[in-house]
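Worksheet: one structure, shown below.
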Amino acid sequence: MNYFILVLASIFALIFVYSLAKLSSKKLPPGPSPWPIIGNIHLLGANPHTSLANLAKIYGPIMSLKIGQITTIVISSSSMAKQVLKNHDLAFSTRFIPDALQAHNYSKFSAVWLPVCPQWRTLRKIMNTKLLSTNRLDANQHLRSQKEKELIDYCEKCSQQGEAVDVGQLVFKTNLNLVSNTLFSKDLVDLYSDAKVELKDAILSIIDVAGMINLVDFFPILENVDPQRIRYRTNIHFGKLYKLFGDMINERLEEKKTNQSEKSDILQVLLNHSAENPQEMDRNFMNSMLLDLFIGSIDTITNTVEWAMAEILRQPEIMKKVQAELAQVVGKGKPIEEADVSRLPYLQFIIKETLRLHPPAPFLIPRRVDQDVELCDYIIPKGSIVLVNAWAIGRDSSFWEDTLVFKPERFQSLELNMRGKDFELIPFGAGRRTCPGFPLALRLMPVILGSMLNSFNWKLEACIEPKDLDMEEKFGAIIAKAHPLRAIPSPL
């Protein structure tokens, strides 16, 4: 056993020395000196987004680290993000695919993970023009309106009984049904049931596993070992979701045989496109696209609404101000429609400010360069991973005043677009790899939050003072609240 450890350590040492020699002739961005074998892994800590933001204050907005065997470039300012995501967009357009997402060959059929190629362009075109276009989302809005009403009914029940609502749990279940109705015209969870929901567990497990630091990603030599069993677990969870999707597809095909009326949801659009263009949309692509839409929207929207409610509860004057706007524009206690959002600027400011302080993903999906790239007089070597720290950019004091203060009013004088045009606020990314699901997210977040605020007043449970509310973060693929938000609704 000792001999094996000695041999393994020698191999790692040789790889480390070779890597340093190879990079010595390239002008890398500045960064901390790496340790043998592990590189700079020890500097990441429990919250890598904050650790790297602090290191950027020392080494600058473009910084290089050695994470295991992998050269990692960290971008921490809007100007540098613009260089990567706009000026050199094509050179940085390839995704770095975590080992966990090799499960079920998911990444080989996904519009999120495929490299820029004809198949990727086809899938993005299907998403943009057939699945998430304004007309398509308008056509199935009625499927979501009923779910929003059920959310309010649940809060009404809790209000009558004086019970606290687990905001994240409720929004997650509601959002699961909102998205599943947009995709399948079907509920997948009961708001009133505490029974275990296998689908929910599978989604949360995938998100948790995707947020783990996987040694295989930074020491590819360990690929066949899978020492943390991360790919093994992901394989199980993907299998559960793919079985669900397969059952939904087969059920819909059976309905068609019995001449039942055709639905207007996303699954039907995919099936129609598959019938017309079987080479572009087979079962593999369909499964991956449905998984992209599920994973990409459910937890993102849930966490944004929970963070927004937490920030509002810490500042009751914000709640009064947004409720006054809702009462004036929509009418107190009335349901909010997606079309109302454009007439609710302060509600939109709250969503923007939440995404600034609490971006769903601390880092945009990592990029990998396929050849040496010159960037701002530095050389980004082939095979490097590029991380854009959206969390740090949203707290950059050179642009944002009072960076740690939740202040929606700042957007009255800041006309920043969240669709990737203004790099100071890029929760959904920018360039050709912008998150394809943002049109749905931008509809659902303000409607869910606004509906809760337009029907009830909210206060923290157990006599917790607003200033004492715990705002600790839990790092992962999505930045969640470490401690669930519980609040008591009361009628307006």
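What the table shows:
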| quantity | calculated |
| --- | --- |
| Residue in the stretch 328-343 that is more than 25 Å from the chain's Cα centre (by Cα) and of a type in the set (Ser, Thr, Tyr) present | no |
| Selected residue (criterion: farthest from the chain's Cα centre (by Cα)) from residues of the stretch 104-124 that are part of a loop (DSSP other than H, G, I, E, B), within 19 Å of ASN277 (Cα to Cα) and in contact (Cβ under 8 Å) with a residue 24 or more places away in the chain | PHE109 |
| Scan of the stretch 353-396 for residues that are in a helix (DSSP H, G or I) and more than 30 Å from GLN328 (Cβ to Cβ), ordered by number | ALA390, TRP391, ALA392, ILE393 |
| Per-region count, the stretch 8-55, residues basic (Lys, Arg) and at pLDDT below 90 | 2 |
| Residue match in the stretch 312-324 (condition: closer than 18 Å to LYS481 by Cα, buried (at least 20 other Cβ atoms within 10 Å of the Cβ) and charged (D, E, K, R)) | no |
| The one condition in (1) without any contact (Cβ under 8 Å) to a residue 40 or more places away in the chain; (2) touching a His at 6+ places or on another chain (Cβ under 7 Å) that LYS130 fails to fulfil | (1) |
| Test set (1) closer than 12 Å to GLU338 by Cα; (2) crowded, with 22+ Cβ neighbours inside 10 Å; (3) at pLDDT below 90 - PRO439 fails condition number | (2) |
| Count of residues meeting criterion [exposed (fewer than 12 other Cβ atoms within 10 Å of the Cβ) and either closer than 17 Å to PHE285 by Cβ or in contact with a Gly (Cβ under 7 Å, 6 or more places away or on another chain) (or both)] in the stretch 251-271 | 1 |
| Selection from the stretch 335-352 of residues that are part of a loop (DSSP other than H, G, I, E, B) and either free of Cβ contacts under 8 Å to residues at least 60 places away in the same chain or closer than 16 Å to MET319 by Cα (or both) | LEU344 |
| Residues that are among the basic types (Lys, Arg) and either in a loop (DSSP other than H, G, I, E, B) or in contact with a Gly (Cβ under 7 Å, 6 or more places away or on another chain) (or both), drawn from the stretch 397-435 | LYS407, ARG419, LYS421 |
| Among residues of the stretch 57-98, those that are closer than 20 Å to ARG368 by Cα and in a helix (DSSP H, G or I), counted | 10 |
| Search result, residues across the stretch 144-199 that are aliphatic (A, V, I, L, M) and not in a helix (DSSP H, G or I) | ALA164, VAL165, LEU188, VAL189, LEU191, ALA195, VAL197 |
| Some residue of the stretch 208-221 being modelled with pLDDT of 90 or more and more than 24 Å from ALA46 (Cα to Cα) | yes |
| GLN102 being surrounded by fewer than 22 Cβ atoms within 10 Å (Cβ to Cβ), at negative phi and modelled with pLDDT under 95 | yes |
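The values are calculated or read from the model by the stated rules, or taken from the named source; none is laboratory data. Remember, it's a predicted structure, so these values are computed and weren't measured experimentally. Positions of Cβ are backbone-derived with ideal geometry, glycine not excepted, and every protein chain shown enters the neighbour counts.
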